[in-house]
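Student: Dumping the structure here so I can ask a few things about it.
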Amino acid sequence: MPTLDDILENVGEFDRFQKQTFFVLCLLSAAFTPVYVGVVFFGFIPEHRCFSPGVAELSQRCHGAGFGSRCRRYEVDWNATGVSCTDPLGSLVGNRSAVPLGPCRDGWVYDSLGSSLVTEFNLVCEDSWKLDLFQSSVNAGFFIGSINIGYIADRFGRKFCLLNTILANVVCGILLVFVPTYLWIVILRFLQGLVSKGCWTAGYILVTEVVSPKYRRTVGILYQTAFSVGLLVFDAIAYAIPHWRWLQLTVTLPSCFFLLYYWCLPESPRWLISQGKNDKAMKIVSDMAKKNRKKMPSHFEDIKFEEEDGGKQSPSLIDLVRTPQMRKNTFILMYNWFTSSVLYQGLIMHMGVAAGNVYLDFLYSALVEFPAAFIIIVTIDRVGRRYPWAAANLVAGAACLVTALIPEDIHWLKVIAACIGRMGITMAFEMVCFVNTELYPTYIRNLGVMVCSSLCDVGGVIVPFIVYRLVEVWHDLPLIVFTVLGLIAGGLVLLLPETKGRVLPETVEDVENFHGQSAPKAKKIYLHVQTSEV
């Protein structure tokens, strides 16, 4: 029997209808950037020192002489006559180590023209952990929302999920601008994380379900590349607006226009068919043919969905581990999501340990993602999914090891090796996302992606501790951890089935037969062909 993919061959596999859907969803992907990496600019930590009475006058006279401390202040009289600008402490006492230190009772002085959470709430020294909590709250929201929003998308539809999460994200983003306390900021960031990642993933699922298998991997990669474009735009906006509340408002307001997607975004016909809503699916297919200026063949009169046991299928967490192949896929995908997150974010954090220009560092980390996407597009249809994905993980792990072994005095070579590792893990991160969608049947696809990608959020929560705690033991020790994680991930990928050129599975049985078939058939969705009477 002909499948839904056969219909797309007649009404358009990636024509005007699909291109319009793809474009509007790419805008959504780019808009996800401030939620995922916003802490880089919202929580920017400028150079700071403890404020002491009399320091302002001394600084003005000495033009910023090197005195003061980040978390403790010197208990001396800075207004004393004869203080030297070259060595203020030395001119007051003979032995610098004998200068008494006290707590910062009068706040801090920040070397920054803008404002951030750090400068507004003094999240430094004893309160520096509050900035970690700010980012952890987002990842905690990602983790919980991965399962709950995934279930909503599979139970009530991709479009319903998108519109409601967009609305919730806009409301939380605007409230963040006006709430006066740190506690409410953390709560709202958690709520943003709860809905925003589910929104991005539901968009990814939808954009891959409205195109044919021939274009599925391309739109999946480009959808993620739109996120990379969002990184560049966000970096430019943050450079122009260095005040975090105005920056938050600027990146949130355009998201209001996404609510117009109610009128210009279709529901996934694959999801409608999996739920037994054949008439609505056929209506979307007819609109697709009209938009693409194609004529629906007369013998394609109806789409019918059948199951062996009858009735529609409902998503269940147990289905992810019920059968051997589904269980193996789920655990390997979980580990690769975890590893991709740890290496992706960890390499950025490790390179940021050394002080530098935050805007340039962010720019470099964003630019490296474009050649990674290009390499995937060029190679993936020639050699399949598994081998480029495994190679990307192995290269990332090996590059981390090389970076750790290069001496500190050859800094330029160390940076090149780290960039190669970043490119490798970027490729792996992009591939785990779209291969994840190809390994689960339609009725549980969104839930499967959400559950597996929840390990990405677990990695995002613990990676700061891996980096910042281990660098105190040895600066490059985190890279050794990244090496082990990356090499194991590369080996596990080779245990997954190849999905190149295969139709999306519709049932668990299709997934179980992936290894034994060269081109598995979509057994459950077919066209009821009727001969027109003359």
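Student: Quickly run through region 462-481 and pick out the residues that are in a helix (DSSP H, G or I), within 16 Å of A399 (Cα to Cα) and open to solvent by less than 20 Å² (accessible area, probe 1.4 Å).
Tutor: P478, L479
Student: Please indicate, with yes or no, whether at least one residue in region 398-413 is touching a Ser or Thr at 6+ places or on another chain (Cβ under 8 Å), within 30 Å of S128 (Cβ to Cβ), open to solvent by less than 30 Å² (accessible area, probe 1.4 Å) and not assigned by the TED database to the domain that holds Q275.
Tutor: Taking every residue of region 398-413 in turn, at least one turns out to be touching a Ser or Thr at 6+ places or on another chain (Cβ under 8 Å), within 30 Å of S128 (Cβ to Cβ), open to solvent by less than 30 Å² (accessible area, probe 1.4 Å) and not assigned by the TED database to the domain that holds Q275.
Student: Among T403, T426, T507, which is among the hydroxyl-bearing types (S, T, Y) and within 23 Å of the chain's Cα centre (by Cα)? Outline the logic, then answer.
Tutor: Details: T403 fails: within 23 Å of the chain's Cα centre (by Cα); T507 fails: within 23 Å of the chain's Cα centre (by Cα).
Only one candidate qualifies: T426.
Student: Of all the helices (runs of 4 or more DSSP H) wholly in region 215-276, which have at least 3 residues that are at pLDDT 90 or above, within 23 Å of T437 (Cα to Cα) and touching a helix residue (DSSP H, G or I) at 6+ places or on another chain (Cβ under 8 Å)? If you could, list the steps in order and put the result at the bottom.
Tutor: Values: elements: 244-252, 261-264, 269-274.
No helices (runs of 4 or more DSSP H) qualify here.
Student: Here's another thing I want to ask about it. What is the number of the single condition among (1) over 30 Å from D510 (Cβ atoms); (2) open to solvent by 10 Å² or more (accessible area, probe 1.4 Å); (3) at pLDDT 90 or above that G491 does not meet?
Tutor: If we test G491 against (1) over 30 Å from D510 (Cβ atoms); (2) open to solvent by 10 Å² or more (accessible area, probe 1.4 Å); (3) at pLDDT 90 or above, just (1) comes out false.
Okay, residues lined up against (1) within 24 Å of I147 (Cβ to Cβ); (2) crowded, with 22+ Cβ neighbours inside 10 Å:
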site	(1), (2)
V195	yes, yes
T201	yes, yes
P213	no, no
T225	no, no
A238	no, yes
R245	no, no
P254	no, no
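Student: Please specify each residue of region 159-205 satisfying the condition of being among the charged types (D, E, K, R) and closer than 12 Å to Q248 by Cβ. Let's see the steps before the verdict.
Tutor: Initially, region 159-205 is screened for residues among the charged types (D, E, K, R), giving 159, 189, 197.
Residue satisfying the conditions is R189 alone.
Student: Looking at (1) closer than 30 Å to V321 by Cα; (2) open to solvent by 60 Å² or more (accessible area, probe 1.4 Å); (3) aliphatic (A, V, I, L, M); (4) modelled with pLDDT under 85, find the lone condition where L394 falls short.
Tutor: (4)
Student: While we're here: Just checking, which of I375, I444, I380 is surrounded by fewer than 20 Cβ atoms within 10 Å (Cβ to Cβ), among the hydrophobic types (A, V, I, L, M, F, W, C) and closer than 30 Å to G203 by Cα?
Tutor: Testing whether each residue is surrounded by fewer than 20 Cβ atoms within 10 Å (Cβ to Cβ), among the hydrophobic types (A, V, I, L, M, F, W, C) and closer than 30 Å to G203 by Cα leaves just I375.
Student: Right, another one. On the given criteria, is V118 within 23 Å of I237 (Cβ to Cβ), among the aliphatic types (A, V, I, L, M) and within 19 Å of the chain's Cα centre (by Cα)?
Tutor: Numbers: within 23 Å of I237 (Cβ to Cβ): yes; among the aliphatic types (A, V, I, L, M): yes; within 19 Å of the chain's Cα centre (by Cα): no.
The answer is no for V118.
Student: Determine whether L249 is over 24 Å from M450 (Cβ atoms), under 24 Å from the mean Cα position of the chain (by Cα) and aliphatic (A, V, I, L, M). Full working, then the answer.
Tutor: Values: over 24 Å from M450 (Cβ atoms): yes; under 24 Å from the mean Cα position of the chain (by Cα): yes; aliphatic (A, V, I, L, M): yes.
For L249, the condition - over 24 Å from M450 (Cβ atoms), under 24 Å from the mean Cα position of the chain (by Cα) and aliphatic (A, V, I, L, M) - is met.
Matching residues to (1) among the acidic types (D, E); (2) farther than 15 Å from F338 by Cα; (3) out of contact with any Pro (no Cβ under 8 Å at 6 or more places or on another chain):
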site: D409; (1), (2), (3): yes, yes, yes
site: W412; (1), (2), (3): no, yes, yes
site: I425; (1), (2), (3): no, no, yes
site: E430; (1), (2), (3): yes, no, yes
site: F434; (1), (2), (3): no, yes, yes
site: T437; (1), (2), (3): no, yes, yes
site: Y440; (1), (2), (3): no, yes, no
site: C452; (1), (2), (3): no, no, yes
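Student: Six or more apart or on different chains, Cβ under 8 Å: which pairs go from a residue in region 322-344 that's over 12 Å from N436 (Cβ atoms) and among the aliphatic types (A, V, I, L, M) to one that's open to solvent by 10 Å² or more (accessible area, probe 1.4 Å) and modelled with pLDDT under 90? Could you list them?
Tutor: Cβ pairs passing all conditions: M326/D319; M326/V508; M326/E512; V342/I462; V342/I466.
Student: Is at least one residue of region 149-158 without any contact (Cβ under 8 Å) to a residue 12 or more places away in the chain, out of contact with any Gly (no Cβ under 6 Å at 6 or more places or on another chain) and under 24 Å from Y443 (Cβ atoms)?
Tutor: yes
The values are calculated or read from the model by the stated rules, or taken from the named source; none is laboratory data. None of these values were measured; they are calculated from a predicted model. Cβ sites come from the backbone with ideal geometry, for glycine too, and all protein chains shown count toward neighbours. Accessible surface is based on the protein model in full, side chains and every heavy atom, while ligands, DNA and RNA are left aside. Shrake-Rupley method; radii C 1.70, N 1.55, O 1.52, S 1.80 Å.
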